[in-house]
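Worksheet for the structure shown next.
The values are calculated or read from the model by the stated rules, or taken from the named source; none is laboratory data. What you see is a predicted model, and the numbers here were worked out from it, not measured in a lab. Every residue, glycine among them, receives a Cβ derived from its backbone with ideal geometry; neighbour counts consider all protein chains shown. Quick note on the areas: whole protein, heavy atoms, side chains included, nothing else; ligands and nucleic acids left out. Shrake-Rupley method; radii C 1.70, N 1.55, O 1.52, S 1.80 Å.
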There are 2 protein chains.
Amino acid sequence: MDVLMQTLKIGINEKLYIKDPESSSLGKKIVEESILLIDEIGFEHFTFKKLGARINSNESSIYRYFENKHKLLLYLASWYWGWMEYRMVFDTNGISDPVEKLSKAIEVLTQNVEEDNAFSHINEVVLNKIIINEYSNSYLVKELNDEDKNGYFIVCKRLVSRLSEMIVAVDKTYAYPLSLASTILEGTLHQYFLKEHFPMLTNCNETVTPTHFFTDLIFRTLNLNVNG
Amino acid sequence: MDVLMQTLKIGINEKLYIKDPESSSLGKKIVEESILLIDEIGFEHFTFKKLGARINSNESSIYRYFENKHKLLLYLASWYWGWMEYRMVFDTNGISDPVEKLSKAIEVLTQNVEEDNAFSHINEVVLNKIIINEYSNSYLVKELNDEDKNGYFIVCKRLVSRLSEMIVAVDKTYAYPLSLASTILEGTLHQYFLKEHFPMLTNCNETVTPTHFFTDLIFRTLNLNVNG
DNA sequence: GCAAAAATAATAGTATTACTATCAATATTC
DNA sequence: GAATATTGATAGTAATACTATTATTTTTGC
């Protein structure tokens, strides 16, 4: 990432926070350390009290940024998908061949996540671990009404439709571009999860990556030659 | 289901319960009504106290069957996958053509769930809804040690490897049979979830089913003619 | 049909969670 | 330097996720 990018900010639905955590150093610390703490003890055991103790702040101060821990997880997930979208768009921008473009998009979306220094208070590698392990905790929620859901998951929706459009650009006759796109995104998280926790349920390992599997899958499905 | 089947029982890892719920009428009622209550209020808000009130029994009595609500969900998930496995084996048994066999297996695993009268105290339709909405709550758990995990998820593992073998039988050269099998199972749940909650992220709807999508996907991937 | 054993119910109690409310102490800014 | 905003400390509440104890009911073995 070059210097131009140092003021980049991933836009997040304002309903997800009470006070924008990007607007103060306490807010950034809340986001930064919540990622690490959720990774360490799991979302279920994560509490604002524990986070407060960890950052030498107070439970009540954290509540002034986020309504509850669930909204905080939604915030982190939103950030993650916004970041993925930005990288996908950035890395495929300028590629005119639709096949090459789709191939690159799949690569960005399925490859192992690495640190991005453009966002110093967020550890993308650990955030990725959280998303793999806890993402479904964020959307499996009876509480959310439909209006809110649409707001919270708009990033995800945009990412799926972008990918779906790239699929259509490669094969106009394919009947299930949205389903294929959402399967790739969810399936990638799942393959990484299995690789870590139930390796006998996947062919992914140190040498075979989810990128190999999904690139092959997409190219076979859309009747293209594999050039992954 | 014919009369022969009336004594069928889906085998479940004994570590998942303290006292076998199939062994008493209270136990069966716990299982039966927990499915309905989890569906109604969501797993997060489900408590043994509420369940006790609903079945006119006592919180403490339920604790004698299940250690906690999480183990109960694992029990239900185990039952579900055991039941899916049994139906898949049953319905594909005797089909000798590998392509036809795989096709039938995909159909059983991806189609809309219907009531199975062989198991009177379990509402399979509602159980399926729970699995779609709450399944990942069961395996996203830092608590489980590896030994236990292997015990709890053995059914799932068996189902994935059976499906994977059917894939290999159709195409010995395909490099990712396990990943494809696990993607189908998880992906099916996800497509049903999207169809219900985020219809703009999937092509599945009233007429296009996950069975269509996945049958097409598998047959294209394994270079076969679609005959779904 | 009755005693012993097992299962269930009722009640109480504890530590933790997920907050809300209030007020005091610090920073910030104008 | 006063006014304002932010953060911290403390207390309090209702609900959750249990455990323990004892009472009551049901089952079973003879």
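Give the number of residues within the range A:99-122 that are among the acidic types (Asp, Glu) and in contact with a Ser or Thr (Cβ under 8 Å, 6 or more places away or on another chain).
Pass one, the range A:99-122, residues among the acidic types (Asp, Glu): A:100, A:107, A:114-116.
Next, only the ones that are in contact with a Ser or Thr (Cβ under 8 Å, 6 or more places away or on another chain) stay: A:107.
Of the residues in the range A:99-122, 1 are among the acidic types (Asp, Glu) and in contact with a Ser or Thr (Cβ under 8 Å, 6 or more places away or on another chain).
Report yes if some residue within the range A:73-80 is open to solvent by 10 Å² or more (accessible area, probe 1.4 Å), out of contact with any Phe, Trp or Tyr (no Cβ under 9 Å at 6 or more places or on another chain) and either at positive phi or more than 16 Å from DNA strand D (Cβ to nearest atom) (or both); otherwise report no. Spell out how you get there, then give the answer.
Step one: filter the range A:73-80 for residues open to solvent by 10 Å² or more (accessible area, probe 1.4 Å), giving none.
No.
The requirement of being within 15 Å of DNA strand D (Cβ to nearest atom) and within 14 Å of chain A (Cβ to nearest Cβ) is fulfilled nowhere in the range B:13-22; no residue meets it.
Conditions (1) within 7 Å of another protein chain (Cβ to nearest Cβ); (2) out of contact with any helix residue (DSSP H, G or I) (no Cβ under 8 Å at 6 or more places or on another chain); (3) in a helix (DSSP H, G or I), marked per residue:
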{"residue": "A:Gly187", "(1), (2), (3)": "yes, no, yes"}
{"residue": "A:Leu194", "(1), (2), (3)": "yes, no, yes"}
{"residue": "A:Cys204", "(1), (2), (3)": "yes, no, no"}
{"residue": "A:Ile218", "(1), (2), (3)": "no, no, yes"}
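Of all residues in the range B:203-228, those satisfying the criterion of being more than 20 Å from the chain's Cα centre (by Cα), of a type in the set (Val, Ile, Thr) and open to solvent by 10 Å² or more (accessible area, probe 1.4 Å) are B:Thr207, B:Val208, B:Val226.
Has the range A:169-178 got at least one residue that is within 11 Å of another protein chain (Cβ to nearest Cβ) and under 21 Å from the mean Cα position of the chain (by Cα)? Before you say what the answer is, go through the steps one by one.
Here is the first cut: in the range A:169-178, the ones within 11 Å of another protein chain (Cβ to nearest Cβ) are A:171, A:174-178.
If we keep only those that are under 21 Å from the mean Cα position of the chain (by Cα) as well, we get A:177-178.
Yes: the range A:169-178 contains one or more residues that are within 11 Å of another protein chain (Cβ to nearest Cβ) and under 21 Å from the mean Cα position of the chain (by Cα).
Only a single item in (1) assigned to a helix (DSSP H, G or I); (2) more than 9 Å from chain B (Cβ to nearest Cβ) is not met by A:Phe213, and it is number (2).
One residue stands out in the range A:102-144 among those that are within 16 Å of A:Thr188 (Cα to Cα) and hydroxyl-bearing (Ser, Thr, Tyr): the one that is farthest from the other protein chains (Cβ to nearest Cβ), namely A:Ser103. Checking B:Val125 against (1) surrounded by fewer than 17 Cβ atoms within 10 Å (Cβ to Cβ); (2) modelled with pLDDT under 90, which single condition isn't satisfied? All conditions pass for B:Val125, except number (2).
Check A:Phe46, A:Phe66 and return the single one that is without any contact (Cβ under 8 Å) to a residue 24 or more places away in the chain, in contact with a Leu (Cβ under 8 Å, 6 or more places away or on another chain) and open to solvent by less than 30 Å² (accessible area, probe 1.4 Å).
Values: A:Phe66 fails: without any contact (Cβ under 8 Å) to a residue 24 or more places away in the chain.
That would be A:Phe46, the only listed residue that is without any contact (Cβ under 8 Å) to a residue 24 or more places away in the chain, in contact with a Leu (Cβ under 8 Å, 6 or more places away or on another chain) and open to solvent by less than 30 Å² (accessible area, probe 1.4 Å).
Of everything listed in (1) more than 16 Å from DNA strand D (Cβ to nearest atom); (2) touching a residue at least 12 places away in the same chain (Cβ under 8 Å); (3) farther than 30 Å from A:Phe219 by Cβ, the single unmet condition for A:Leu109 is (3). I'd like to know if the range B:82-102 contains one or more residues that are surrounded by 20 or more Cβ atoms within 10 Å (Cβ to Cβ), more than 18 Å from the chain's Cα centre (by Cα) and either without any contact (Cβ under 8 Å) to a residue 24 or more places away in the chain or within 16 Å of DNA strand C (Cβ to nearest atom) (or both). Scanning the range B:82-102 turns up no residue that is surrounded by 20 or more Cβ atoms within 10 Å (Cβ to Cβ), more than 18 Å from the chain's Cα centre (by Cα) and either without any contact (Cβ under 8 Å) to a residue 24 or more places away in the chain or within 16 Å of DNA strand C (Cβ to nearest atom) (or both).
Listed here are the helices (runs of 4 or more DSSP H) enclosed by the range B:25-124 that have at least 1 residues being within 30 Å of B:Val208 (Cα to Cα): B:25-41, B:69-92, B:98-110. Note on the range B:145-164: among residues that are facing another protein chain (nearest Cβ under 8 Å) and part of a helix (DSSP H, G or I), the one that is modelled with the lowest pLDDT is B:Lys149. Scanning the range A:158-201 for residues that are of a type in the set (Ser, Thr, Tyr) and open to solvent by less than 20 Å² (accessible area, probe 1.4 Å) gives A:Ser164, A:Tyr174, A:Ser179, A:Ser182, A:Thr183, A:Thr188.
Looking at A:Glu59, A:Glu32, which one is within 20 Å of A:Tyr135 (Cβ to Cβ), open to solvent by 60 Å² or more (accessible area, probe 1.4 Å) and within 15 Å of DNA strand D (Cβ to nearest atom)?
On the way: A:Glu59 fails: within 20 Å of A:Tyr135 (Cβ to Cβ).
A:Glu32 is the lone residue from the list that is within 20 Å of A:Tyr135 (Cβ to Cβ), open to solvent by 60 Å² or more (accessible area, probe 1.4 Å) and within 15 Å of DNA strand D (Cβ to nearest atom).
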